[in-house]
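See below for the structure under consideration.
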């Protein structure tokens, strides 16, 4: 459970939201996707990777987050039927040319993992939400036709902008645990950056950050934590937990 929290908080602090969160508009007939009973079928012809991953999010009702803004350029043509969703998503990601990614499954019912999120990591700056998972009211979960129609309508809609606002970080790091002194600019940077992390993950992020900053200071042979060291510690957290499986 603690590892999952570290992974999730690392994703939020890898890149701060800088340019808004945008959904991608898609053509209604390309790609074609069917997601049912944990199986995914895809028929896509010469579609850009960004649009293909946005379509995946819309059809599977998951969040798709892009960290960075340099998407692979080559259009993708791919077809497969009724693959297990984890295998199918890996196949799509590989076809698109993404190197770093995370596929997130969350607990739903006891013994059941729900496909919830895909994170994509690439060059460039900023973080965008290519698709936001819509909340499905309990009474509508037995109405697949209605849900599918709603997804089709959203697929043809124009770009929309959504915002994530977390409460300001009001806590303090236990700097006494650190083996080094902390400069004020490093404390200010850390306080601000932790404000972008969901509140339930901040304690985990703070503890990991203190330890990582000490490791970097030891590597550099210094005894004071500055802003640069704090920033590198956040970057290391992201890199440590977002690499694709071998």
Legend entry - At R0 = 30 Å, FRET efficiency that the Cβ-Cβ distance of residue 45 and residue 86 yields, to 0.05: 0.80
Inset, instruction - Arrange the following residues from fewest to most other Cβ atoms within 10 Å of their Cβ: 79, 191, 67. - result: 79, 191, 67
Legend entry - Geometric extent, Cα atoms of region 175-242 - Rg, Dmax (angstrom): 11.2, 34
Legend entry - Theoretical FRET efficiency, 1/(1+(r/R0)^6), r = Cβ-Cβ of residue 134 and residue 231, R0 35 Å, to 0.05: 0.50
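The numbers here are math on the coordinates, done by the rules we state, and not lab data. Since this is a predicted model, take the numbers as computed values, not measurements. Methodologically, a virtual Cβ is constructed for each residue, glycine included, from the backbone with ideal geometry; neighbour enumeration extends over all protein chains shown.
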